[in-house]
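Everything on this sheet refers to the single structure shown next.
Bear in mind that the values in this text are calculations on the coordinates, not laboratory data. Just so you know, these numbers come straight off a predicted model, no measurement behind them. All Cβ positions, even for glycine, are placed from backbone atoms using ideal geometry, and neighbour counts span all protein chains on display.
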Ligand SMILES: [Zn+2]
C-alpha cells in the first residue's frame with residue numbers, strides 16, 4: 001500500500017499565529033516546523049504500523065513547513081517551489097492524508113483560517129459554493145480516484161473536510177478560539193492522536209471513497225486588492241467579475257485546477 005501525505009503548517013498543535021509562527025521571518029517559525037514535522041512523522045509511524053509500504057510526503061506550506069533532516073527515515077519528501085501542479089498525485093497512490101490543515105478564510109473558530117494566501121485572498125467559490133484548500137485538495141485527489149482518508153488540524157478544519165466526505169477520519173489537535181488563538185493539546189498528545197487516527201484510517205480505507213466533482217466547473221477568486229486581481233486579468237481564459245474578483249471556467253475540475261494552481 002502506498003500513501004500520499006499532503007502537509008501544511010497552520011493546523012499543527014501549538015502553532016496559532018501567522019506573524020510569529022508561520023511566516024519565515026517569524027521568531028518561532030523554526031519551532032513551528034519542528035512541531036509539524038513530528039506530527040507528520042507520527043502519521044507515517046501509524047501508517048507503517050498498519051502495513052503501508054511506501055509514503056510520499058509533500059510539503060504544502062508555501063515557504064516550507066518541514067525540517068528535512070528530521071523527516072521520517074523511510075519516506076520521500078517533495079519540497080521547495082514550484083511543486084508540480086498535481087503534486088505527483090498522478091503516480092498512483094492508495095490514499096491521501098492531509099496533515100496540519102486549516103479551515104478556509106472567514107471560518108468561525110477556525111484558527112489560522114485562510115485560503116491559499118493569508119495576505120491576498122478573501123474568498124473562493126467553486127460552482128457557487130465557498131471552498132478552501134481542503135475542498136480543493138479532496139477534489140484534486142478525486143480526479144485521480146484517490147480517497148482522502150485522514151485530516152488533522154483544528155476542529156474547524158476537520159469539520160470542513162467532513163462536509164465533503166462524512167466518512168473521513170479526523171484527528172483534532174486544537175480548537176480555534178479566534179483566527180490567532182486556540183486551545184491545543186500538547187505536542188506529544190497531538191502525535192499520539194495522529195498516529196492512532198492514521199491507523200484507524202488505514203483500517204477503514206475501503207469505507208472512505210474518493211470524492212469527485214464531475215462536469216463543468218467554475219472557480220471564482222475574490223482578492224483583498226484589485227492589484228492582485230489585475231495580475232490574473234491579463235491571462236488567457238480568465239474572466240473579470242469586478243476589479244477584485246476573477247473567474248476561471250473549465251470543462252472539468254482538473255482543467256480549472258491546472259490554470260489556478262501556479263505551483
Ligand atoms: Zn500553510
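Quick notes
- If R0 equals 41 Å, the separation of the Cβ atoms of residue 252 and residue 54 corresponds to a calculated FRET efficiency of about 0.90.
- Contour excess over end-to-end distance, with Cα ends at residue 162 and residue 181 and 0.36 nm allotted per residue: 4.6 nm
- Gaussian network model of the chain, Cα within-10 Å springs - most flexible of 132, 166, 46: 166
- Where both bridge residues fall in the stretch 83-206, DSSP classifies roughly 40% of the beta bridges as antiparallel.
- Label zone (residue 84, point 7 Å along Cα-to-C-beta; backbone nitrogen cut-off 19 Å) within the stretch 1-27: 2-7.
- Model label sites at residue 74 and residue 18, defined 7 Å from Cα along the beta-carbon direction, differ in position by 3.9 nm.
- Cα-projected label distance for residue 225 with residue 192, points at 7 Å along beta-carbon direction, nm: 4.6
- Sequence-distant contacts, meaning Cα pairs under 8 Å at least 6 residues apart, place the relative contact order of the stretch 1-95 at 37 percent.
- When only Cα pairs below 8 angstrom with a gap of at least 6 residues are kept, the chain shows a relative contact order of 21 percent.
- Structure remark: mean-square fluctuation, Gaussian network model of the chain, C-alpha springs under 10 Å; the largest value among 25, 161, 182 belongs to 25.
- Antiparallel bridge percentage (DSSP; both residues within the chain; nearest 5): 50
- Helical runs (DSSP H, four residues minimum) scored at -39500 (n - 2.57) apiece and divided by the length of the chain put the mean residue ellipticity at 222 nm at -9000 deg cm²/dmol.
- Of the peptides 225-236, 79-90, 8-19, the order by per-residue mean of other Cβ atoms within 10 Å, starting with the highest, comes out as 8-19, 79-90, 225-236.
- Burial ordering of 185, 256, fewest other beta-carbon atoms within 10 Å first: 185, 256
- Overall form of the stretch 101-242 per C-alpha gyration tensor (a/c, 1.5; a/b vs b/c): oblate
- Take the Cα of residue 209, step 7 Å toward its Cβ, do the same at residue 91, and the gap between the two points is 2.9 nm.
- Exposure proxy shown here: for 102, 61, the number of other Cβ atoms within 10 Å sets the order, fewest to most, as 61, 102.
- Put in order of Cβ neighbour count within 10 Å, fewest first, the listed residues 101, 72 become 72, 101.
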